[in-house]
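The values are calculated or read from the model by the stated rules, or taken from the named source; none is laboratory data. None of the values given here were measured: they were computed from a predicted structure. Every residue, glycine as well, gets a Cβ built from its backbone with ideal geometry; the counts of neighbours run over all protein chains shown. Accessible surface areas use protein heavy atoms only, side chains included; no ligands, DNA or RNA. Shrake-Rupley method; radii C 1.70, N 1.55, O 1.52, S 1.80 Å.
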Amino acid sequence: MTMENLFRLVDQDQDFFQRKWTLVNGPVIVGAGPSGLATAACLKEQGVPFVVLERADCIASLWQKRTYDRLKLHLPKQFCQLPKLPFPEDFPEYPTKRKFIDYLESYAKHFDINPKFNECVQSARYDETSGFWRVKTIVTSDSNKTEFEYVCRSLVVATGENAECVLPDIEGLSEFGGEVIHACDYKSGEKFKGQKVLVIGCGNSGMEVSLDLCNHNASPSMVVRSSVHVLPREIFGKSTFELAVLMMKWLPLWLVDKLMLILAWLVLGNIEKYGLKRPSTGPLELKNTKGKTPVLDIGALEKIRSGDINVVPGIKRFSRGQVELVNGKKLDIDSVVLATGYRSNVPSWLQEGEFFSKNGYPKASFPHEWKGKAGLYAAGFTRRGLSGASSDAMRIAQDIAQVFKDETKQLRMRTVARHRRCISLSQF
């Protein structure tokens with residue numbers, strides 16, 4: 001990092017020194033979720049300094065503030081641990097939300113990762129003249145807001161695939177009159193006891209919210225607008241995901257998909273008669289290409305079979321206390337839960353169009369999606385969950401560390417050369 005580059009930056013921005021700013025001798029990591037923490041830990045191991053920016057007031061805000069109480073990891077713990085620090089041995093096979101948060105907090109403490117909380121990134125752009133990234137934030141402290149800028153040579157985007165809620169625009173929803181919440185605000189079915197609740201969405205969240213509502217004596221109707229893969233969480237006592245990973249070591253993906261569907265049929269039977277039509281594309285291929293995760297059943301299917309969860313088709317419109325479905329049927333309902341998923345928020349703040357696409361994902365697919373140009377990196381956009389985020393973190397840290405060490409070595413060589421010239425001149 002040369003002073004000449006900094007001078008170029010100042011030359012083209014006359015107001016630069018009038019703002020609060022700092023020069024970071026290392027990367028800026030945006031996001032203190034699992035991806036950001038994993039990248040920070042791997043950089044720490046490489047001896048590279050960094051700054052982690054987080055808009056919330058805690059690490060892993062999605063897990064701490066926007067998940068329901070009964071949530072557990074859907075995959076066995078060995079596929080969800082972050083680099084350099086495994087889960088404690090006494091953790092259950094499928095850790096609870098609270099256990100996972102405890103693990104992340106101990107992870108940050110172990111690697112001495114101290115994010116700058118309540119700093120929301122407003123924009124980040126690469127300055128080609130100076131060779132620096134300029135990251136502008138708004139810092140919130142009590143009721144005060146302050147603008148700040150970070151200047152760095154590399155930027156790690158770790159805001160993840162689930163930064164913002166997806167809120168569908170459905171005709172008449174504003175006229176419904178009952179409670180309407182997104183799944184990110186749903187904590188427990190206790191407050192919905194005795195109510196008729198419409199759950200819009202049939203992914204893992206939609207299925208699990210519907211199951212939780214049943215367990216709290218509510219009457220959920222789950223909207224299934226499109227096809228969905230439902231797989232058992234375990235097949236003959238072994239994790240479905242672990243079994244798929246094992247088979248993919250020896251077999252092509254299309255064949256593994258075929259075998260998984262045969263095994264799912266043997267365990268779950270024909271689910272199409274319950275209104276759950278399977279996609280024509282296999283579950284693993286669909287996850288890899290579209291990012292659509294198959295549902296891992298933990299009890300919702302049994303409730304669907306018994307009729308406790310009512311599966312309904314798409315919605316035509318809402319009216320006061322009622323919903324009309326595309327098949328013409330009308331249902332009286334008290335509340336609505338939008339299990340309509342999340343999306344990346346990268347396009348709202350990253351001023352770059354070559355590496356990231358308009359949907360907020362890197363244009364390149366796994367395993368090439370982690371590195372862009374000019375020191376830009378992406379962690380946690382693999383569509384492969386926590387194991388994909390860990391893979392990104394290790395690659396990114398190794399790449400940044402190599403560049404950092406090379407630049408440090410060149411700086412030392414220039415310093416030594418200047419020192420020798422000074423000694424040589426002093427002899428005259």
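Could you tell me which numbered condition I235 fails, if it satisfies all but one of (1) of a type outside the set (K, R); (2) open to solvent by less than 10 Å² (accessible area, probe 1.4 Å); (3) modelled with pLDDT of 95 or more?
Unmet condition: (3).
What single numbered condition from (1) open to solvent by less than 60 Å² (accessible area, probe 1.4 Å); (2) not in a helix (DSSP H, G or I) fails to hold for C214?
(2)
Where residues in region 309-326 are in contact with a strand residue (DSSP E or B) (Cβ under 8 Å, 6 or more places away or on another chain) and in a loop (DSSP other than H, G, I, E, B), which of them is nearest to R233 (Cα to Cα)? Break it down stepwise before answering.
At the first step, the residues of region 309-326 found to be in contact with a strand residue (DSSP E or B) (Cβ under 8 Å, 6 or more places away or on another chain) are 309-318, 321-326.
Checking which are in a loop (DSSP other than H, G, I, E, B) leaves us with 309, 313-314, 321, 326.
Values: I309: 19, P313: 25, G314: 27, G321: 36, V326: 31 Å.
Only one residue tops the list, namely I309.
Can you name the number of the only condition in (1) surrounded by fewer than 13 Cβ atoms within 10 Å (Cβ to Cβ); (2) acidic (D, E); (3) not assigned by the TED database to the domain that holds S35 that D334 fails?
In the conditions (1) surrounded by fewer than 13 Cβ atoms within 10 Å (Cβ to Cβ); (2) acidic (D, E); (3) not assigned by the TED database to the domain that holds S35, D334 misses (1) alone.
Check every one of the helices (runs of 4 or more DSSP H) wholly within region 1-100 and list those with 3 or more residues that are at pLDDT below 95, of a type outside the set (D, E) and under 25 Å from K405 (Cβ atoms).
Hits in region 1-100: 3-12.
Kindly indicate whether any position in region 117-134 is in a loop (DSSP other than H, G, I, E, B), within 19 Å of K20 (Cα to Cα) and open to solvent by less than 70 Å² (accessible area, probe 1.4 Å).
Yes, that holds for at least one residue.
Taking region 346-375 on its own, how many of its residues are in contact (Cβ under 8 Å) with a residue 60 or more places away in the chain and part of a strand (DSSP E or B)?
2
Quick one: which of V135, V157 is within 18 Å of the chain's Cα centre (by Cα) and of a type in the set (V, I, T)?
Result: V157 is the single residue among V135, V157 that is within 18 Å of the chain's Cα centre (by Cα) and of a type in the set (V, I, T).
Show the residue pairs that are 6+ apart or on different chains and have beta-carbon atoms under 9 Å apart, the first residue being within region 293-311 and on the phi > 0 side of the Ramachandran plot, the second being open to solvent by 30 Å² or more (accessible area, probe 1.4 Å) and of a type outside the set (F, W, Y).
Listed by first residue and then by second, the contacts come to G299/N215.
Quick test of your reading of the structure: S106 fulfils all but one of (1) surrounded by fewer than 20 Cβ atoms within 10 Å (Cβ to Cβ); (2) among the hydroxyl-bearing types (S, T, Y); (3) in contact (Cβ under 8 Å) with a residue 40 or more places away in the chain. Name the failing condition by number.
(3)
I need a count of the residues in region 217-264 that are among the basic types (K, R) and part of a helix (DSSP H, G or I).
1
V311 fails exactly one of the following numbered conditions: (1) open to solvent by less than 30 Å² (accessible area, probe 1.4 Å); (2) at pLDDT 95 or above. What is the number of that condition?
Result: V311 fails condition (1) only.
Within region 238-280, how many residues turn out to be open to solvent by less than 70 Å² (accessible area, probe 1.4 Å) and among the charged types (D, E, K, R)?
Residues flagged as open to solvent by less than 70 Å² (accessible area, probe 1.4 Å) and among the charged types (D, E, K, R) within region 238-280 amount to 3.
Scan region 135-145 residue by residue and report those that are more than 12 Å from Q122 (Cα to Cα) and either part of a strand (DSSP E or B) or of a type in the set (V, I, T) (or both).
Of everything in region 135-145, those that are more than 12 Å from Q122 (Cα to Cα) and either part of a strand (DSSP E or B) or of a type in the set (V, I, T) (or both) turn out to be T140, S141, N144, K145.
Please enumerate the residues belonging to region 146-187 that are more than 20 Å from I59 (Cα to Cα), open to solvent by 40 Å² or more (accessible area, probe 1.4 Å), outside the structural domain of I29 (by the TED database) and not in a loop (DSSP other than H, G, I, E, B).
Residues satisfying the conditions are S174, E175, E179, V180.
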